[in-house]
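Report on the structure given below.
Nothing in this text is a laboratory measurement; each read-out follows from the coordinates by a stated rule. A quick note: this is a predicted structure, and the numbers were derived from the prediction, not measured. FYI the Cβ positions are ideal-geometry reconstructions off the backbone, even for glycines, and counts take in every protein chain you see.
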Amino acid sequence: MIITAIALTLYVGYYFVSKPFLRKLSNAAARSGLPILANATIAERQATIQMSLVVAAHLIMVCFLSLLVLPRQWWLYQASHLGIQSIAVLLAVLLGVGESVASGVLAEMLYTVLGWIDQRREQLGHPSHLAVEMVEASAGGWMKTIRVSVEANLIVGAALLTLQLACEEIIFRFIFPRCLPGHMWTAGALFIIMQFSGLKRRIGGVFAAVGATVMAVSQGYLATRADFLAPLVVAHLVMFLSSRTLSNK
C-alpha cells in the first residue's frame, strides 16, 4: 500500500507538476548566456535543456521506483538474455510500424468524427473548430520540444528521446503493473492520461493518447508474456518516429 502511494505520488509529481516547472527553468537557462550549444538558437537551446532536465528527472524516478519494486534478478534477466532480445528487436520494428499504422487509422477516424461534430455545430450557428484545433495543438508542446532538440543536435536529441521512451517502458510496463491494483490495465490507463501532461491546450494530447491506447494494449500484453525491455523500447521508438513521419505527410 505504501509503495502504491509512493508510485502514484511520483507519477503526479513528475508528469503533471515538474514538467511546467522544468519548461520555465529551461527557458531561463537558454536565455542566460550559458555556453550550451553556442551556435544554436534560443529555441534550440531551450528544447535541449528541457529534454535533458526531463530525462534526468525521469531517470531518477525510474531508479527510485526500481529499488522499491523491481528485484535485482529482473535486471540480471535483461542482461543475460541480450541475445534473444537482439533477435526480438527485428520483430519489434514491425510491431512499432504496425502500432503506428493502427494509431493513424484510429486518429483519422477520430478526426472525421470531430469534423462531423464541427459541421453540425456550425449548422446550429455555433462556431466550432475541434478537428483543426486538435491537429494544430498536437504539433506543439512536448512534440515540438522533441523535434527542435533533435534538429539542434541529432545525436544528443536522439539519445535523450531513446532514454525518455525507455524510462516510460520501464515504468508503465514493468514497475506500475507490479505495484498498482489492476496491474497492466491501471498502468495502461495512467500511460494514456499522461499524454495530456505539460500541455497548454489539453486537446493537443488527443492524438498521442490514441497512440498510447494502442501501445498500452499491445506492449502491455507483451510485457506480461515476455519480460523483455529492449524490444519494447525499440517498438516504442519506431512507433513514435513513424507516427511523426505519417503525420507530417
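Among residues other than S218 with Cβ under 12 Å from its Cβ, the summed charge is +1 (Lys and Arg +1, Asp and Glu -1). Take every Cα pair under 8 Å whose residues are at least 6 apart in sequence, average their separation, divide by the length of the stretch 71-247, and the relative contact order is 37 percent. If you average the C-alpha positions of the stretch 181-243 and of the stretch 95-121 separately, how far apart do those two centres end up, in angstrom? Computed from Cα coordinates, the inter-centre distance equals 17 Å. Count Lys and Arg as plus one, Asp and Glu as minus one, and take only other residues whose Cβ is under 15 Å from that of L10; the net charge is then +1.
Using C-alpha pairs below 8 Å separated by at least 6 residues, the relative contact order for the stretch 1-90 is 30 percent. For the stretch 223-241, the residues whose backbone nitrogen is under 19 Å from a point 7 Å from the Cα of I87, taken along Cα to Cβ, are 223, 225-235. Among residues other than N153 with Cβ under 15 Å from its Cβ, the summed charge is 0 (Lys and Arg +1, Asp and Glu -1). For the chain, with a Gaussian network of springs between Cα atoms less than 10 Å apart, report the residue from S86, S100, S66 with the top mean-square fluctuation. Between S86, S100, S66, it is S86 that shows the largest mean-square fluctuation.
Candidates F16, G220, H126 compared by Cα position along the dipole of the chain: farthest toward the positive end lies F16, with charges placed on Cβ. Among Q46, Q164, Q78, the residue with the largest mean-square fluctuation in a Gaussian network model of the chain, with springs joining Cα atoms closer than 10 Å, is Q78. Only Cα sites of the stretch 111-249 enter the Debye sum here, all with the same form factor; the resulting log10 I(q)/I(0) across q = 0.10, 0.17, 0.21 1/Å is -0.40, -0.98, -1.28, listed in q order.
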